[in-house]
Amino acid sequence: MKIVRSVADIKRASGSSGFVPTMGALHEGHLSLIRAAKSECDHVTVSIFVNPLQFGPGEDYERYPRREDEDAQACEEAGADIVFMPDAKKFTTGQGTSVHVSGVSELYEGLIRPGHFDGVATIVAKLFNLVRADYAYFGLKDRQQCAVVAKMVHELNFPISLRLMPIIREPDGLAMSSRNAYLSAEQRAIAPKLYEILERCRLAVRHAKSTVQVTSSLEKWTQTLKDFGFDVDYLALVDETTFQPTVKVGVHAVLIVAAYLGATRLIDNIPVLGH
Ligand code: AMP
């Protein structure tokens, strides 16, 4: 038995716990979150759950890659202590309670994928209640998801701190994603243009002399994406917290993009003043 007298020691004595929610088909992006959790926390839980609530009709729920054994091994190697893989049907069947995070979930991914963020927020809330971690790790790859979860945590007073981690990219700049596996060789060769154009658009926006120039840069680079064969859902400048459009080039401004290459939907983002 240990007798502990200081606040710092009692906090340390019980150990800290980190949580990494995922949908599996793990790649370096996911593993970077698990490793970060391991380096900052005493206990790490990873969840692997292809959440049916966040897929719309006609989306890729059925064909989303599922690789339980490989994933479990990758989790262990990255330092996970527990992997939570709830039963796909039982975990959400009959789910009549849902979490809606207003405002921040309304535009962009929320507009194009109705119900998506309700599905995300509902499952993340369930997982937070079950896993009871001190820290939860999310990737900035899904930046709007980060903003939605941050607002939910704040407004529902979840006793958890969010750690938002940088985007892990392939050597050619393409943001890692489980969906990259859907790309044909030809599409894979074009895919890095998404990030390249995001970078170029960022430079143009940074150097814009007026809000009109910001808007015209967004239009110009949207057209460039189309010329490369992307079917663009949006290329926009937004406030990172509210996910409302902005023309102000400040520390909270983020360029976001979503575009299809064939049937595969890719997303990416970059802070306008960041690296
Ligand atoms: P998913 O399995 O797609 O739900 O992703 C699980 C977590 O991994 C989310 O917090 C994602 O933002 C994060 N993630 C996915 N891809 C990347 C990446 N390339 N870099 C960093 N984090 C990522």
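Reported count of residues in the stretch 154-197, each being in contact with a Phe, Trp or Tyr (Cβ under 8 Å, 6 or more places away or on another chain) and either of a type in the set (A, V, I, L, M, F, W, C) or surrounded by 13 or more Cβ atoms within 10 Å (Cβ to Cβ) (or both), is 15. Residues in the stretch 138-183 that are aromatic (F, W, Y) and more than 7 Å from the ligand (Cβ to nearest atom) were compared, and the one that is farthest from I112 (Cα to Cα) is F158.
Of all residues in the stretch 48-91, those being in a helix (DSSP H, G or I) and more than 17 Å from the chain's Cα centre (by Cα) number 11.
Being surrounded by fewer than 21 Cβ atoms within 10 Å (Cβ to Cβ) and either part of a loop (DSSP other than H, G, I, E, B) or of a type in the set (D, E) (or both) holds for only one residue in T242, T222, and it is T242.
Conditions tested, residue by residue: (1) surrounded by fewer than 19 Cβ atoms within 10 Å (Cβ to Cβ); (2) within 20 Å of R132 (Cα to Cα); (3) within 11 Å of the ligand (Cβ to nearest atom).
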site: I3; (1), (2), (3): yes, no, no
site: V7; (1), (2), (3): yes, no, no
site: R12; (1), (2), (3): yes, yes, no
site: S16; (1), (2), (3): yes, yes, no
site: G24; (1), (2), (3): no, no, yes
site: H27; (1), (2), (3): yes, no, yes
site: R35; (1), (2), (3): no, yes, no
site: S39; (1), (2), (3): yes, yes, no
site: S47; (1), (2), (3): no, yes, yes
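Against the conditions (1) surrounded by 14 or more Cβ atoms within 10 Å (Cβ to Cβ); (2) free of Cβ contacts under 8 Å to residues at least 60 places away in the same chain; (3) within 15 Å of the ligand (Cβ to nearest atom); (4) part of a loop (DSSP other than H, G, I, E, B), V99 satisfies every one except (3). Cβ-Cβ distances below 9 Å connect the following pairs, each with a first residue in the stretch 11-32 that is touching a residue at least 24 places away in the same chain (Cβ under 8 Å) and over 12 Å from S47 (Cα atoms), a second residue that is part of a strand (DSSP E or B) and away from the ligand (no atom under 11 Å from the Cβ), and a separation of six or more residues or different chains: G15/H43; S16/H43; S16/Y135; S17/H43; S17/V44; S17/T45; S17/Y135. Apart from one condition, L31 fits all of (1) more than 9 Å from the ligand (Cβ to nearest atom); (2) surrounded by fewer than 19 Cβ atoms within 10 Å (Cβ to Cβ); (3) within 14 Å of the chain's Cα centre (by Cα); the exception is (2). The residue of the stretch 102-153 that is surrounded by the fewest Cβ atoms within 10 Å (Cβ to Cβ), among those that are among the aromatic types (F, W, Y) and closer than 20 Å to I82 by Cβ, is Y135. Out of A37, A80, A74, A13, one residue alone is at pLDDT below 95 and not basic (K, R). It is A13. Out of R113, R143, R200, one residue alone is modelled with pLDDT of 95 or more, of a type outside the set (S, T, Y) and over 24 Å from E59 (Cβ atoms). It is R200.
Among residues of the stretch 232-260 that are within 18 Å of I167 (Cβ to Cβ), those with a Cβ under 8 angstrom from a residue that is assigned to a strand (DSSP E or B) and hydroxyl-bearing (S, T, Y), sequence gap 6+ or separate chain, pair up as I256/Y234; V257/Y234; A258/Y234.
The values are calculated or read from the model by the stated rules, or taken from the named source; none is laboratory data. As the structure is a computational prediction, the values presented were derived from the model and not from experiment. Every residue, glycine among them, receives a Cβ derived from its backbone with ideal geometry; neighbour counts consider all protein chains shown.
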